[in-house]
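The values are calculated or read from the model by the stated rules, or taken from the named source; none is laboratory data. None of the values given here were measured: they were computed from a predicted structure. Here the Cβ is made from the backbone with ideal geometry for all residues, glycine too, and neighbour counts use every protein chain on show. Just so you know, the surface numbers come from the protein's heavy atoms only, side chains and all, with ligands and any DNA or RNA stripped out. Shrake-Rupley method; radii C 1.70, N 1.55, O 1.52, S 1.80 Å.
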Amino acid sequence: MEREKKAVFTREQLDRFFASYVGMDGGNPGAAVWFCDSAPHPREESLVAPLVPHMGPNAWDAAYRDKHRNHMERWQSHKKIARIMAAARAHVLGMAAGEPDWKHYFDHQLYAPDGAEFKLSLFPLPAHLIGQTPWSKAFRGQPELVPKQRYLALCRDGERFVFINSIRQYWRPKVVICLGGRHFDDFVQAFALEDVSVANYILQPADQEKTLRVLEHDGTTWIICPALAGASGLTSDVLLDAMGQFLAGWLVPGDFPELALTQLAQRRAG
């Protein structure tokens, strides 16, 4: 049987599709903490007609966790974010944090619909495709996506970056942690920070020294830090815990919704 002809998407269709929550892990956009990566994990979106914009965020609810339980053990970057958040929570509460704490956070609380964080990405399609398929081969026949620079320009100059800035203005998170210093210019453009001054902070919990770039504007602080992988990234437990402690400086106990629910239940029980 002859293979069905693949749909070719116009610039307008792609622009409208990208100007949504597509390609974002999600969580709770009303949370105090956002994490922003450059691109989603390779398991994320494929382009299938018709392109329907994602008008609401995803979240790691019970159904999502059940569906992906067998794969989650391999999601190293998400585990590192869980470690940062668990360390921040422990610091805010004056408690000791350890391995069981962040593992429980990853298994039960990370990116929850009513949780303490939200995760988005600058670009909606994975930078590295499943099976290491070359970009030009994966999107062959899509003139608005090949070469890859055309796709990146569409996101930067089209509605994707406009959408990202609009949801930040609407939700007003306290802190946005941007992962990957080499994407500094894109983070600045996406969040309209061109006229905002930059301060450097040295994160050095031990021998390793990492530079964080901090910007403050309109009630939100952006922390642009190294990626969570690679030789120059935030890869050690010591650095991740230190990053969580640094983040805690902007947070209060009420920024962790599950704690408020636990305290309410305890008061009712008492």
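Worth pointing out:
- Verdict on residue 216 being in contact with a strand residue (DSSP E or B) (Cβ under 8 Å, 6 or more places away or on another chain) and at pLDDT below 95: no
- Residues that are open to solvent by 60 Å² or more (accessible area, probe 1.4 Å) and β-branched (Val, Ile, Thr) within the stretch 193-247 comprise 198, 202, 211, 238, listed in sequence order.
- Top-ranked residue in the stretch 132-149 [being within 23 Å of the chain's Cα centre (by Cα) and open to solvent by 70 Å² or more (accessible area, probe 1.4 Å); ranked as nearest to residue 51 (Cα to Cα)]: 149
- Qualifying residues in the stretch 18-76 (those that are closer than 23 Å to residue 162 by Cβ and polar (S, T, N, Q)) - the one most open to solvent (accessible area, probe 1.4 Å): 58
Matching residues to (1) free of Cβ contacts under 8 Å to residues at least 24 places away in the same chain; (2) in contact with a strand residue (DSSP E or B) (Cβ under 8 Å, 6 or more places away or on another chain):
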site	(1), (2)
164	no, yes
168	no, yes
172	no, yes
177	no, yes
187	no, yes
194	yes, no
205	no, no
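- The residue pairs whose first member lies in the stretch 53-80 and is free of Cβ contacts under 8 Å to residues at least 24 places away in the same chain, whose second member is open to solvent by 40 Å² or more (accessible area, probe 1.4 Å) and not in a helix (DSSP H, G or I), and whose beta carbons are closer than 8 Å, counting only pairs six or more residues apart or on different chains, are 64/58.
- Residue pairs meeting the criteria (Cβ under 8 Å; at least 6 apart or on separate chains; first at positive phi and assigned to a loop (DSSP other than H, G, I, E, B), in the stretch 111-137; second modelled with pLDDT of 95 or more and among the small types (Gly, Ala, Ser)): 111/26; 111/27; 111/59
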